[in-house]
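Written out below as structure tokens is the structure these notes cover.
The values are calculated or read from the model by the stated rules, or taken from the named source; none is laboratory data. Just so it is clear, the model here is predicted, and its values are computed rather than measured. Heads up, the Cβs are rebuilt from the backbone with ideal geometry, glycines too, and the neighbour counts pull from every protein chain shown. What goes into the accessible areas is simple: the full protein's heavy atoms, side chains included, and nothing from ligands, DNA or RNA. Shrake-Rupley method; radii C 1.70, N 1.55, O 1.52, S 1.80 Å.
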Amino acid sequence: MQTSRFTLLYRNFANNIYSKPLSRNRFIHKAFFHATKKILQTSGAPAPAPAEGYLPGVAQSKFIKSTQEEALKNSELMNTGVANGETKKMNMFQAINDAMGIALTTDETAVIFGEDVAFGGVFRCTLGLAEMFGRDRVFNTPLSEQGIVGFGIGMAAVGHTAIAEIQFADYIFPAFDQLVNEAAKYRYRSGGLFNVGGLTVRSPCSAVGHGGHYHSQSPEAYFTHTPGLIVVMPRSPIQAKGLLLASIRDRNPVIFLEPKILYRAAVEEVPVGDYELPLGKAEILKSGKDVTVVGYGSQLYTLENAIKLAEKDIPGLSCELIDLRSLSPWDVDTVANSVNKTGRLVISHEAPQTSGFAAEVATSIMERCFLRLEAPIQRVCGLDTPFPLIFEKFYVPDMTKCYDAIKEVVNY
């Protein structure tokens, strides 16, 4: 009888485990990875998708700055000291790593901690930082999200810049009480005598193609509902570095959500110096006159492709695309000014539709732009179900759904 691939895989893994003195879980994971790789190579099967997933089309996006000239043309960099400086090719996790290295270099009170961060973290965002700055400044924690955030609140309360990592945004909920009832209210309840403004909580979020319901969620709306927290989600390496440095240095607690599918998919020429990008300020990525399209994070690349298709199919159509970047506070003025011009609004995000952040955008724009609207506001969001595994492609707001929403507001 022919031995199955799973049996071969298990045997190979077991041989690796029991033939070597392994003392820590990470070595077991590493052994399993190599055993899996070996059996897949020998069986001729296709290699599995990387943990951070694939996002086709990002490399061809007009919003990715692939040359030094394009990277430094950004008007927001003009007064930062890097406008005429050097750039380096980085993907998003490398840009985030670079930002944290600068934060540790320029702030002797800064520390980084979380599960597995001392040897780089599961997505390698902290790779090499413990060796560079010492294990008293970059260190592992127990597997306890409530403990990680509570520890960060304590460090920030006594004057440290605390940079905490929650390994996946899906597991931030055990820390919900610490974030919502402690970090967000610390300054308010003390009448301004104390604060935990030095706290930044980083966490990978959003879909990856194979994450299922515990490694794919987008929990931003839970936290935008909480006064006292800043919530940020970048779209690219340049943005991630500048926004993360601004978040770390802002004297309010920040939740910095990183679309993990972009960790390696998004590659840009990133300024190597120290720079910050403004929090609470949206960016108009593409000007237009007929429809305002709003998104953030990795969803912007889906919206870009939907706009290309719509403008190709509808002669003369011109869409304006806006990246919110910061969700709390969010830049309502930039969106309202655009909708007053176009008269139409489409908002899209991966999180479920009901009580999602698109609802806040839609309501605020209705209040400000009601008499200028030419069509009902459209929301294109994830479904109101748990995040599925094999049905992910039906769950996420893909290019076709976004394209249909643009057509809907144009033809109304």
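Rolling a 1.4 angstrom probe over the protein heavy atoms with all chains in place gives the range 283-411 an accessible area of 42 Å² per residue.
Counting protein heavy atoms only, the chain has 55 percent of its accessible area on carbon and sulfur, 1.4 angstrom probe. Sum up the charges of everything whose Cβ sits under 12 Å from the Cβ of Gly114, counting Lys and Arg as +1 and Asp and Glu as -1, but leave Gly114 out. With Lys, Arg at +1 and Asp, Glu at -1, the net is -3.
Taking the centroid of alpha carbons for each part, the range 224-264 and the range 315-349 are 20 Å apart.
Across all Cα pairs in the range 294-345, the calculated P(r) in 5 Å bins from zero up to the longest distance comes to 4, 19, 25, 24, 19, 6, 2, 0 percent per bin.
Relative contact order, whole percent, for the chain stands at 16, derived from Cα pairs under 8 Å and 6 or more residues apart. Amide hydrogen proximity for Asp107: with H placed 1.01 Å from N in the peptide plane, no residue at 5 or more positions away or on another chain lies under 5 Å. Around the Cα centre of the range 292-332, unit charges on the Cβ atoms of Lys, Arg, Asp and Glu (plus for the first two, minus for the last two) sum to a dipole of about 80 debye. Working note: 222 nm ellipticity from helices only, DSSP H runs with n ≥ 4, each -39,500 (n - 2.57), summed and divided by the residues of the chain, gives -11000 deg cm²/dmol to the nearest 500.
Pairwise alpha-carbon distances in the range 329-368 exceed 13 Å for 51% of all pairs.
Think of each Lys and Arg Cβ as +1 and each Asp and Glu Cβ as -1; about the Cα centre, that makes the dipole of the range 283-411 roughly 240 debye.
Within the range 58-271, DSSP assigns beta bridges of which about 20% are antiparallel (rounded to the nearest 5). Computed on the range 213-293, with alpha-carbon pairs under 8 angstrom and 6+ residues apart, the relative contact order is 31 percent.
Of all DSSP-defined beta bridges confined to the chain, some 25% are antiparallel rather than parallel.
Quotient of the Cα radius of gyration of the chain and 2.2 N^0.38 Å, N being its number of residues: 1.02. May I have the pair-distance distribution P(r) for the range 58-271, computed from all Cα-Cα distances with 5 Å bins from 0 and rounded to whole percent? In whole percents, the pair-distance histogram is 1, 7, 15, 20, 20, 16, 11, 6, 2, 0, 0.
Structural descriptor for the range 283-411: relative contact order 30 percent, calculated from alpha carbon pairs under 8 angstrom and at least 6 residues apart. Helices in the chain that qualify as membrane-span-like (whole DSSP H runs, Cα extent of at least 24 Å along the helix axis, mean Kyte-Doolittle hydropathy of -1.0 or higher) are 25-43.
The chymotrypsin sites (Phe, Trp or Tyr not before Pro) found in the range 187-252 that occupy coil by DSSP, while having at most 13 further C-beta atoms within 10 Å, are Phe194. Are any of the pairs Lys89/Lys241; Lys65/Lys393; Lys89/Lys401 more than 23 Å apart by Cα-Cα distance, and if so, which? Listed pairs above 23 Å: Lys65/Lys393; Lys89/Lys401. When the P(r) is computed for the range 283-411, the part past 26 Å accounts for 14% of the Cα-Cα pairs.
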